[in-house]
Every structure is written in C-alpha cells, then in structure tokens.
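What follows is a single structure, written as structure tokens, with notes after it.
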Amino acid sequence: MKGDFEFVLSLAEGFFEQEEVQKKFNLIKQHEFTGWEIWFQIEFASFLQQHEEVSETIREFGYSIDKRMSGHQERMYIDFLIRKKRSSRSSYIALEFKQNQSASSCVKGMMGDIQKIWKLKQSEDDLRSMWCLGIYPTATGKNVPEIISKQSELVGVELPDNLISTKEIPNTSFSFTLL
C-alpha cells in the first residue's frame, strides 16, 4: 500500500512540476474559473499516457455497487484506474479527484469518495489500492492536517499519517492533498 501511495504521489508531483500546468493554474486563479476538474482530468490523463511507469489508464470506469450499502444506486464511476508497469494485468490503482474553492470542502468531498469506493461489490473489486487527490487554493492560516483529521473522524475513516501528503503546487497559489 505504501508503495502505491508513493507511486501516486510521484505522479502528482511530476504533473504539478510542469511549467505549462502551473501557468494554467495561475490562469484559473487570475480569472476565478470554477468547475475545472474535467480539464484537470484530461491534462492528467495525457500526462499518464506518456509516463514511463504507467502501462494502462482507464478513465470513468463503472463498477456495480453493493445495494445493501447504497440504497437505490446501482453503479459508480471511478475517475481513473492506473496500472503500473510490471504489475498484474488485473490489478489497478484507483484515483479519485476533487477540486474545491476551500480546503475544508475539498477534504469533505474526498471523504465522500472514500466512502463511495467502500460500496463496491466485492465480486467486482479488482483494486489494489484507492487514493483521492484534492486540489484547492492554498489554505493560509488553516491547518490542513487538522481538517483531514476532523473530517475523517466525522465519517469514521481511519487514515494512517504516513499515507497522507499535503503540498503546495510550485509557482501557484494552489495546494494538493493525497490520501
């Protein structure tokens, strides 16, 4: 699990280190654009397609949900499935994205995604690990680890500290959290 975390973190860091990506985040801030999650997913997909350690990506993959846990909903969609090179053909890392105008709302949405993944039918679960990547304006004066702790406690999710990372996106006024 820690190996997958480090792998996904290295993908995020590599993506955010790109000058063109940083310029686009600065445009988002300058023009106060909202709803840019789809743009981000397309850019990230392009990055993954060219990455030497990624052998396959699947975007918006549908899974059946255990109806005992979900009520009326029958399917859910995971933003990305990523298969590392030299890993089993049926072993995927799931990655969900969230973007929000506040760190608190972003982390809250990430916790919702974690709960959503738990509802997968076990017979369809081919995920080796699941991660959430949240992007938000850098929270000045706010302690993001405290926000994560509070939100995870509210939904009953236990997150090991060594599998959480919050970093600023270089040369922008945005940050990201991976958990």
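The values are calculated or read from the model by the stated rules, or taken from the named source; none is laboratory data. Because the structure is a prediction, the values reported are computed rather than measured. FYI the Cβ positions are ideal-geometry reconstructions off the backbone, even for glycines, and counts take in every protein chain you see.
Return the only residue of 47, 7 being in a helix (DSSP H, G or I), over 14 Å from the mean Cα position of the chain (by Cα) and surrounded by 15 or more Cβ atoms within 10 Å (Cβ to Cβ).
Residue meeting the stated conditions: 47.
How many of the residues in region 29-42 are more than 13 Å from the chain's Cα centre (by Cα), in a helix (DSSP H, G or I) and in contact (Cβ under 8 Å) with a residue 60 or more places away in the chain?
1
Could you go through region 84-104 and let me know if any residue there is modelled with pLDDT under 85, assigned to a strand (DSSP E or B) and either within 26 Å of residue 42 (Cβ to Cβ) or more than 12 Å from the chain's Cα centre (by Cα) (or both).
Residues of region 84-104 that are modelled with pLDDT under 85, as a first pass: 86-91.
Next, from what is left, pick out any that are assigned to a strand (DSSP E or B): none.
No: region 84-104 contains no residue that is modelled with pLDDT under 85, assigned to a strand (DSSP E or B) and either within 26 Å of residue 42 (Cβ to Cβ) or more than 12 Å from the chain's Cα centre (by Cα) (or both).
Answer yes or no as to whether residue 154 is surrounded by 15 or more Cβ atoms within 10 Å (Cβ to Cβ) and hydrophobic (A, V, I, L, M, F, W, C).
no
Could you say which residue among 80, 33, 47, 61 is of a type in the set (Phe, Trp, Tyr) and modelled with pLDDT of 95 or more? It would help to see each step written out before you state the result.
Values: 80 fails: modelled with pLDDT of 95 or more; 33 fails: modelled with pLDDT of 95 or more; 61 fails: modelled with pLDDT of 95 or more.
The unique qualifying residue is 47.
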